[in-house]
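Have a look at the structure below before the remarks.
Every read-out reported here was derived from the displayed coordinates using simple, explicitly stated rules and does not represent laboratory data. Quantities reported herein were computed from a predicted structural model and do not represent experimental measurements. With ideal geometry, Cβ positions are generated from the backbone for all residues, glycine too; neighbour counts draw on all protein chains shown.
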């Protein structure tokens, strides 16, 4: 603001010193304001009025009538164009002459505006003749005129009912193909796994241990903490409800059955799906993106043996262990809360747990672990192989791997639940 | 060409840990020239480019761009300097989630009052000026070949008509026809738009075809600057090998034949 006012007051000066005083009365020492070259050029040909005060660096151009023709003054650049374009658009007539002698700067955007003005006038049967064109401006206008884009518009067809049906059909067929590909991946995994029985030397033990560390060991803290908190919540909620019936002791059964049978393993699988499916997809996907997987194939290394088997096998091994950790820490959380809230001592909790809870609940829980592990591992690896040549598809595949694997884990848990209920287990 | 340096580097020092890339490096870039920067692998050509473009501050030294101290200025004046410069990265560095046209429009979005229709038309103009067909504007970068991505990167670098353009290995990875077409494009654009070009390259043909002046990076500084003809008489072993090696001779021969 101050710069602009100073600029209005002294358009020809290079720099000026302004003694500023703030409202508080503290004087600021000299402030030197320098005008860039451009602004002085503009100010000599055009005087902006107060309504469009420009910051330093802003550029302006004007279209002025001169006798029977027009003259373009100041700057005709991309920054000046928004203000200048309406004036150029209003120009109409048979033979327009436009003098460029007073033009100080012209860039490609300005040259484009002049060239599109010419095209517009010629379409309506008129013409545009430029006068007093400076040589470098002329060269630029010629260059732009040569390069004027010629739109090739392809007519957009309206969406018809058959097109919509086609889209639905394609989506259905696509999801069918997706399921088929997952089964192919499972088959590939099993086939490679069994081929290790015949050729144990090919097995990559180091890779397996590395992935067990990544997938299992590094996930222990988060799984244990989450399960502990779930145990606490269950005990607390159960206590509030069961106290109404004087049946506080049944909180032990509540915690034990829900954690051992369902929650321990399900929540572990969900956490692992979020952590591991995404990391599988990202790792395999970035290798796919940089053509590393193609390189493996040309070197006669089987990507399934090297990449998929160690990862999925690591999940198969570690997910049940993580589930066990989740069960223990969930029970521990529940027992602690039961002690604090209901006064059920740990000893009593343990006795009640061992007497009343059948071991089959634990079994029902653990049966699901390998299935969840396979689902997560296969979806993660499959999504990684689906990554294309760009970084965007890597991100898309990673997030879809997480969503799909969590969804599939929950669906599988629901199916197990129905199955066990029907079988009376 | 008047002696009007738009970029002045004095005593630049760049180092990564213990490895010193540049030490006491001086370089001037004059208005309107095409300066080719050559040097062996690891002599820090790209580091120098990143250093001037403001992507990596040097450990010591002075950088003056358009007469302003580019290292110790306010953020606003640095942005003003940046708006007058354009950078084309090695593989175009296009935003992969946008189409080519949207990529070229990105720098124009900072201009107040420029409506979307005009912005689109200007983007189409830049795309066509950098030698891409109209249909390329609607494609996403991953659908383009390497050469087309470079052209699209150039179109984005030129979106605001910068005064200085930095080109990082513009012809690397292009076939000879594409590479020489790109050389001509750079030459033609630099003449008609009055561009000052800072060009990092390994390509001797590009040096012959486009550069007014060549700067040789060796021994952590700019060892020699001069025209192509000057370079042929330099005694320094590396420079001699570079400009007299079998590939250089072939390039010079072709150039002489075409002239």
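Before moving on, here are some points about what is shown:
- Inter-chain Cβ neighbour count for B:120-130, averaged per residue, equals 5 (cutoff 10 Å, partner chain atoms only).
- Along each principal axis, taking the top coordinate minus the bottom one, the Cα set of chain B gives 56, 48, 38 Å in descending order.
- With the gyration tensor restricted to C-alpha atoms of the range B:98-173, the semi-axes of the equivalent ellipsoid amount to 20, 15, 9 Å, longest first.
- Convex hull of the range B:110-151 built on C-alpha atoms - directionally averaged projected area, nm²: 3.4 nm²
- Using the rule -39500 (n - 2.57) for each DSSP H run of four or more residues, divided by the residues of chain B, the 222 nm mean residue ellipticity is -11000 deg cm²/dmol.
- Note that the range A:180-423 shows a convex hull volume over its alpha carbon atoms of 144 Å³ per residue.
- Gaussian network model of chain A, Cα within-10 Å springs - most flexible of A:305, A:162, A:281: A:162
- Largest first, the extents of the alpha carbon coordinates of the range A:179-307 on the three principal axes equal 71, 32, 31 Å.
- Summed over all non-identical Cα pairs, the Kirkwood treatment of the range A:61-147 gives a radius of 12.7 Å.
- Debye intensity ratio I(q)/I(0), log10, the protein assembly as shown, q values 0.06, 0.09 Å⁻¹ (C-alpha model): -0.59, -0.97
- The range B:41-56-the range A:167-235 distance, computed between alpha-carbon centres (Å): 44 Å
- Note on residue A:400 and residue A:351: with the Förster distance fixed at 45 Å, the Cβ-Cβ geometry gives a FRET efficiency of about 0.40.
- Using alpha-carbon coordinates, inclination of helix A:309-342 to the longest axis of chain A, degrees: 70 degrees
- The distance between label points at residue A:290 and residue B:91 comes to 1.0 nm (points 7 Å beyond Cα on the Cα→Cβ vector).
- Most mobile listed residue (B:86, B:147, B:17) in chain B, GNM with C-alpha springs under 10 Å: B:17
- The alpha-carbon positions of the range A:291-425 define a convex hull whose volume is 146 Å³ per residue.
- When B:27, A:193 are sorted by how many other C-beta atoms sit within 10 angstrom of their C-beta, beginning with the fewest, the order is A:193, B:27.
- Working ranking of peptides B:87-93, B:222-228, A:341-347 by packing, defined as the average number of other Cβ atoms within 10 Å per residue, highest first, is B:87-93, B:222-228, A:341-347.
- Distance from the range A:74-98 to the range A:294-345 (C-alpha centre basis), Å: 69 Å
- Sequence of A:165, A:254 once ranked by neighbouring C-beta atoms within 10 Å, starting from the fewest: A:165, A:254
- Average beta-carbon neighbours from other chains, 10 Å sphere, peptide B:92-102: 1
- Neighbouring partner chain Cβ atoms per residue of A:75-83, average, 10 Å criterion: 4
- P(r) tail fraction, the range A:71-114 - alpha-carbon pairs more than 16 Å apart, %: 32 percent
- Relative contact order, percent, the range A:61-147 [alpha-carbon distance under 8 Å, six or more residues apart]: 30 percent
- With respect to chain A, whose longest principal axis is taken over its alpha-carbon atoms, helix A:278-289 is tilted by about 50°.
- Net length gained if the chain between residue A:120 and residue A:145 were fully extended (0.36 nm per residue, minus Cα distance): 7.7 nm
- The relative contact order of chain A comes to 14 percent, based on Cα pairs under 8 Å that sit 6 or more residues apart.
- Semi-axes of the equivalent ellipsoid for the range A:285-370, computed as √(5λ) from the eigenvalues of its C-alpha gyration tensor and ordered from largest down, come to 47, 14, 7 Å.
- Sorted by Cβ neighbour density within 10 Å, fewest at the top, the residues A:349, B:16, A:407, A:228: B:16, A:407, A:228, A:349
- Across the range B:87-133, counting alpha-carbon atoms alone, Rg and Dmax equal 11.0, 32 Å.
- Rel. contact order, % - alpha carbon contacts under 8 angstrom, at least six apart, the range B:85-161: 51 percent
- Annotation: the antiparallel percentage among DSSP beta bridges lying fully within chain A is about 55.
- GNM flexibility winner over chain A from A:230, A:141, A:284 (Cα, springs under 10 Å): A:141
- Burial ranking of peptide ranges A:194-204, B:157-167 (average Cβ count within 10 Å, highest at the top): B:157-167, A:194-204
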